[in-house]
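Presented below is the structure to which this report refers.
Please treat every number below as a calculation from the coordinates, not as lab data. The shown structure was predicted, so the numbers you read here are calculated from the model rather than taken from an experiment. Glycine gets a Cβ as well: all are built from the backbone with ideal geometry, and neighbour counts include every protein chain shown.
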Amino acid sequence: MSKFIYIYQGPATPMDQFTPEQSEKETAAWGAWMGRIGSALVDGGAPFARGAAVVDDGSTAPAADLTGYSIVEAADLDQAKALADGHPFLSEGKGRFSLQIFELGQM
């Protein structure tokens, strides 16, 4: 089994801007997905807060539109993609949100 990181990309609303009803709905959706994939979820992750990019010429740039991460364990990339089925981050259906999935390599 290998570990894969899901990097969330898209214009997500920060949790502190949710109404109590929105927070309850989102928490339930994430809980359902996490429960469905069970022990394959190695690290539930966290949302990203403020960020910046440091460029190789010494300058800085705005951070990419990345909003958080999770880590799952799967046999291969296809299984890691299959675990994303029904993921609440992908529920809008308008093409604004994506999961970037990468296998974590060895150092």
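Listed by first and then second residue, the pairs linking a residue in the range 21-33 that is over 16 Å from residue 85 (Cβ atoms) and touching a residue at least 24 places away in the same chain (Cβ under 8 Å) to a residue that is surrounded by 13 or more Cβ atoms within 10 Å (Cβ to Cβ) and not aromatic (Phe, Trp, Tyr), with Cβ atoms under 9 Å apart and 6 or more places separating them unless they lie on different chains, are 26/88.
With respect to (1) over 16 Å from the mean Cα position of the chain (by Cα); (2) at negative phi, the lone exception for residue 15 is condition (1). Within the range 71-100, the only residue that satisfies the criterion of being free of Cβ contacts under 8 Å to residues at least 24 places away in the same chain, of a type in the set (Lys, Arg) and loosely packed, with under 13 Cβ neighbours inside 10 Å is 94.
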